[in-house]
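A.B. asks: Here it is, the structure in full.
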């Protein structure tokens with residue numbers, strides 16, 4: 001396992017002075033130690049919120065608070081952090097109980113996402129915000145090649161699909177309900193249906209944007225139902 005930590009440090013481009021800190025960041029509560037990574041995960045979550053918030057504030061100078069929040073929400077979430085954790089092969093480094101490991105723990109999105117937040121929390125504690133920011137942004141840019149308003153919208157459809165598959169065992173269906181305006185300035189109204197029930201409806205300049213907007217509304221509704 002120490003070999004895995006060394007590989008992880010090389011991939012991150014950061015060597016921990018306090019090895020116990022990175023061990024704690026990689027220790028799942030099932031491993032039954034006097035410590036686990038939940039406190040560092042809590043810290044890392046707040047640090048990543050700030051890092052990504054500042055990054056987007058500087059990158060999208062003309063976007064309002066609503067848009068910036070929307071983009072941040074599409075990056076700072078379990079799906080986004082799971083993707084970054086997998087790019088670091090974090091699953092190989094986590095300390096788990098045998099039962100959790102046999103239960104597919106090393107592949108669980110929530111577990112990987114939490115471990116990623118904990119690792120960033122640990123870097124922040126030891127090296128400060130600037131170092132944590134440099135590492136996190138480098139990873140985000142590498143794994144999200146095109147951070148633009150349109151490309152980031154894709155996450156809402158992905159998130160909705162994951163939610164509906166987990167909860168209902170099916171994928172959502174998108175239906176164009178109306179299209180308005182001349183060809184050069186058309187607007188589409190799209191509804192998202194789950195089990196033939198309409199969950200949300202939204203409009204956009206293209207079918208794709210309207211689908212993303214309706215998926216976003218549906219995701220918010222489903223999360224409230226939990």
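A.B. asks: Identify, from the list 193, 222, the residue that is under 27 Å from the mean Cα position of the chain (by Cα) and touching a residue at least 60 places away in the same chain (Cβ under 8 Å).
C.D. replies: It is 222.
A.B. asks: Here is a further query. Just name the residue that is farthest from residue 54 (Cα to Cα) out of those in the stretch 66-78 that are assigned to a helix (DSSP H, G or I) and in contact with a helix residue (DSSP H, G or I) (Cβ under 6 Å, 6 or more places away or on another chain).
C.D. replies: 78
A.B. asks: Here's a check for you: in the stretch 79-127, which residue that is in contact (Cβ under 8 Å) with a residue 40 or more places away in the chain and assigned to a loop (DSSP other than H, G, I, E, B) is nearest to residue 55 (Cα to Cα)?
C.D. replies: 88
A.B. asks: Go through the residues of the stretch 147-156 one by one and say whether even a single one is surrounded by 23 or more Cβ atoms within 10 Å (Cβ to Cβ) and either modelled with pLDDT of 95 or more or over 29 Å from residue 195 (Cβ atoms) (or both).
C.D. replies: Within the stretch 147-156, none of the residues are surrounded by 23 or more Cβ atoms within 10 Å (Cβ to Cβ) and either modelled with pLDDT of 95 or more or over 29 Å from residue 195 (Cβ atoms) (or both).
A.B. asks: Another question about this same structure. Answer yes or no: is there a residue in the stretch 170-188 that is at pLDDT 85 or above, surrounded by 13 or more Cβ atoms within 10 Å (Cβ to Cβ) and in a helix (DSSP H, G or I).
C.D. replies: No, every residue in the stretch 170-188 fails to be at pLDDT 85 or above, surrounded by 13 or more Cβ atoms within 10 Å (Cβ to Cβ) and in a helix (DSSP H, G or I).
A.B. asks: Out of the stretch 189-199, which residues are surrounded by 14 or more Cβ atoms within 10 Å (Cβ to Cβ) and over 18 Å from residue 220 (Cβ atoms)?
C.D. replies: 189
A.B. asks: Without any contact (Cβ under 8 Å) to a residue 24 or more places away in the chain and either exposed (fewer than 14 other Cβ atoms within 10 Å of the Cβ) or under 22 Å from the mean Cα position of the chain (by Cα) (or both): is that true of residue 59 in this structure?
C.D. replies: no
A.B. asks: Determine which member of the set 68, 88, 75 is surrounded by 18 or more Cβ atoms within 10 Å (Cβ to Cβ) and within 30 Å of residue 217 (Cβ to Cβ).
C.D. replies: 75 is the lone residue from the list that is surrounded by 18 or more Cβ atoms within 10 Å (Cβ to Cβ) and within 30 Å of residue 217 (Cβ to Cβ).
A.B. asks: Quick check: anything in the stretch 9-23 in contact (Cβ under 8 Å) with a residue 40 or more places away in the chain, within 22 Å of residue 86 (Cα to Cα), over 18 Å from the mean Cα position of the chain (by Cα) and surrounded by fewer than 16 Cβ atoms within 10 Å (Cβ to Cβ)?
C.D. replies: Yes, because at least one residue in the stretch 9-23 is in contact (Cβ under 8 Å) with a residue 40 or more places away in the chain, within 22 Å of residue 86 (Cα to Cα), over 18 Å from the mean Cα position of the chain (by Cα) and surrounded by fewer than 16 Cβ atoms within 10 Å (Cβ to Cβ).
A.B. asks: How many of the residues in the stretch 110-136 are surrounded by fewer than 17 Cβ atoms within 10 Å (Cβ to Cβ), at pLDDT 95 or above and under 14 Å from the mean Cα position of the chain (by Cα)?
C.D. replies: Here the count works out to 0.
A.B. asks: Taking the stretch 95-109 as the search range and keeping residues that are closer than 15 Å to residue 29 by Cα and either touching a helix residue (DSSP H, G or I) at 6+ places or on another chain (Cβ under 6 Å) or outside the structural domain of residue 10 (by TED's automatic domain parsing) (or both), which one is surrounded by the fewest Cβ atoms within 10 Å (Cβ to Cβ)?
C.D. replies: Here the residue is 97.
A.B. asks: Here's something else I'd like to know. Restricting the search to the stretch 31-56, which residues are part of a loop (DSSP other than H, G, I, E, B), surrounded by fewer than 16 Cβ atoms within 10 Å (Cβ to Cβ) and in contact (Cβ under 8 Å) with a residue 60 or more places away in the chain?
C.D. replies: Across the stretch 31-56, the qualifying residues are 32, 33.
The values are calculated or read from the model by the stated rules, or taken from the named source; none is laboratory data. Nothing here was measured: the structure is a model prediction, and the numbers come from that model. Cβ coordinates were reconstructed from backbone atoms using ideal geometry, including for glycine residues, and neighbour counts include every protein chain displayed.
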